[in-house]
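The values are calculated or read from the model by the stated rules, or taken from the named source; none is laboratory data. What you see is a predicted model, and the numbers here were worked out from it, not measured in a lab. As a convention, Cβ positions derive from the backbone with ideal geometry for all residues, glycine included, and neighbour counts pool all protein chains shown.
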Amino acid sequence: MGIERRNGVDAAIALLKALAAAGGVAGKAELATAIGVPRASFHRIAMTLATAGLIEVTRGQLKAGPALDALIETSAIALERDDALRRQRGQRRTERPALAASGADNEPIPLTPPRPRHRRGRFRIGFSNASMDNPWRVALVHSIEYAAASIGDRIEWLAVRHAGDDPARQIEDIDALLAAGVDGLIVSAVAPNLVGEAVARVMAQDIPVVLVDRGVATDIPHTSFVTTDDAAIGRLTALWLAEKLNGRGAVLMLPGDAAAEPAQLRLEAALKVFAGFSGIDILAIEWTGWHRDTAYAIVHNAIGRWGEAIAGVWCDSGLQGVGSLDAFIDAGRLPGTIPPHTGGDLNLAYKLAIRHQVPLAAVDYPPAMGIRALEVLYSALRGQWVPKIVEVPSDVILTRGATTRSIRPHLLAEEHVRWDLPDDLILASGLGPAYNPQSFRIHYPGNIYNRSAARTRGRVA
Amino acid sequence: MSVTQTTGVVALARMLKELGAASTTVNDFAATEGIARSTAFDIAERLETAGLLVRDADGLMGPGPEILALAFARYGLARLQGPAVPLLIWLRNETGGAASLAVERGAESFTLLRMGADWQNRATQGGTAIERDVRDLSGAKRATLVLTLRPQASRAERLHAERLAERTRLSLEHYLTPEAP
């Protein structure tokens, strides 16, 4: 194509963009100057675009034209189709509102505008994972892999690296993924204030970064943060326990990992609730690292020390909650005599609670957020605006008959539990009713032999 | 401008107009319009670089963000073309209702965007509608935000939805202002 032809096409493009920048209406002289073409050429270009209905030419002015309405309709249909596919992939139920919408009612919902669009047809995606320390983390990896498989050949490859809860190693992982040429990155940070610079390095190269599960320091730029309202998890479960105890009794608190932001937020919220009940005494707050064995040892000692005085046990997850239940069972407590517990997520937690008639309340922390994280990243890579924060909803789950004054179940534990599936199944994975972490295999670009990057050990941690 | 340049601009105009009809590839467009494939691909490439056109993985062309911004500008809403999508999705996800943004076009209503709800199908009629006017800085009404809840929505659901619809309206108006990103 010769230079002369290119100039005409480029001038037409410049005219349309200048008109858009001017808000859809601009003077002819102003536009002609902006695009830098002779008046006669400008006139011919304008009339050609007007013949197609893309613009309207009036005396002295150009305006956006009526043919553009058909483009809006086409785009609306495509967006609806895209949205329907995304919802299918996410298998999300929308008939109930989320636990709580984030942000104040008088604040605009924060959004991230698109960065310069990638021209690559297929995207290279990296996932820097904090650790593989427990079944929940396995489910998170599985959910991200599932989302990648669902998007299919729009992805060139997905690469997953695990940091073993070591911030230095996570920084190396992020830098390695950057060097490998990722177009977009998902990060579940080991600790919020330790990997922020590595994330900022990625963002500085106009590569979108979506944080999942755990964030970074608030001043570190990122595209989006996908999580579930940890404060609501802490608040609702603590409120249930306080009401279950009729506002009186000694509570043992077993939060998760002291370095992990979700655990910190849940504990903080729970303590605020308990502070509002003058009859509730906190016996001890013991960090468990979300480990069953650690919780078992703590509760074994606590039973030896306080015995029947332990009126309730607050856990922010069943990952360690099962250790507490084990300790009471091994101490000879009969069904119906183990104190009320909180903490779900893990299939075994529900099995034990039901089997031993333990009143239980939980708000599962859904690994399905991994699916949403990949979807948000995919949208960002395609040049779309995305929410700055995405809160994945979760259900309040109670054992039958455990409803209190303020806390009602969305789901009963007896309906939620899967007796036919392994103990280490995380129930809110978003991977469908047949999901089994021990036999999970998945094909996505970049995956060898359909093996998951999680390589589950197949037992409860 | 030479005849060749004019031919290129005509092809560009037709290509953009065609985006409002059925989806087509550059190859098919070139065949239909009787222009050289190399010309069509060159124009498509330029339009794509400029953000006026997008092509999916199958090569099907669609309107790009820049031409959509111009289209939304017909209704004084150019700045909402990008932000409105995630805002309507958020409202739909948080309430379970169907969310849409419409403008007045003469005597009729013209829908710019809509995000459907899971409960909507051919067998489901009606629903409770919540409407909010979206205004620009001068106070002029630019669009109507409509949230349609499922027919059996409880009073609590409606109150919750009204609160979130109001926040969505506020957000839409925020992103209409020059101060927003």
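Odds and ends about this structure:
- Evaluating B:VAL9 against the criteria (1) more than 7 Å from every other protein chain (Cβ to nearest Cβ); (2) buried (at least 23 other Cβ atoms within 10 Å of the Cβ) leaves one unmet condition, (1).
- A:TRP290 being in contact (Cβ under 8 Å) with a residue 60 or more places away in the chain, closer than 19 Å to A:ALA263 by Cβ, assigned to a loop (DSSP other than H, G, I, E, B) and within 33 Å of the chain's Cα centre (by Cα): yes
- Candidates in region B:160-179 are the residues that are surrounded by 15 or more Cβ atoms within 10 Å (Cβ to Cβ) and closer than 11 Å to B:LEU137 by Cβ; of these, the one that is nearest to the other protein chains (Cβ to nearest Cβ) is B:HIS174.
- Selection from region A:198-244 of residues that are among the hydroxyl-bearing types (Ser, Thr, Tyr) and either in contact with a His (Cβ under 8 Å, 6 or more places away or on another chain) or closer than 30 Å to A:THR404 by Cα (or both): A:THR227, A:THR228, A:THR237
- Residue match in region B:16-33 (condition: outside any helix (DSSP H, G or I), surrounded by 17 or more Cβ atoms within 10 Å (Cβ to Cβ), at the interface with chain A (Cβ under 8 Å from one of its Cβ atoms) and not aliphatic (A, V, I, L, M)): yes
- Checking each residue in region A:390-408 for being more than 10 Å from every other protein chain (Cβ to nearest Cβ) and out of contact with any Asp or Glu (no Cβ under 8 Å at 6 or more places or on another chain) picks out A:VAL396, A:LEU398, A:GLY401, A:ALA402, A:THR403, A:ARG408.
- Filter result (farther than 23 Å from A:GLN61 by Cα and crowded, with 22+ Cβ neighbours inside 10 Å) within region B:59-75: B:MET61, B:PRO63, B:GLY64
- Members of region B:73-93 that are within 7 Å of chain A (Cβ to nearest Cβ) and either within 22 Å of A:ALA26 (Cα to Cα) or within 15 Å of the chain's Cα centre (by Cα) (or both): B:ALA73, B:ARG74, B:ALA78, B:GLY82, B:PRO83, B:VAL85, B:PRO86, B:LEU87, B:ILE89
- Screening region A:235-274 for residues that are touching a Pro at 6+ places or on another chain (Cβ under 9 Å) and not aliphatic (A, V, I, L, M) and picking the one that is modelled with the lowest pLDDT gives A:GLU261.
- Tally of residues being exposed (fewer than 15 other Cβ atoms within 10 Å of the Cβ) and among the hydrophobic types (A, V, I, L, M, F, W, C) across region B:76-134: 3
- Of all residues making up region B:34-54, the number that are surrounded by 21 or more Cβ atoms within 10 Å (Cβ to Cβ) and touching a residue at least 24 places away in the same chain (Cβ under 8 Å): 6
- Residue within region A:24-40 that is within 7 Å of chain B (Cβ to nearest Cβ), at pLDDT 90 or above and farther than 23 Å from B:THR6 by Cβ present: yes
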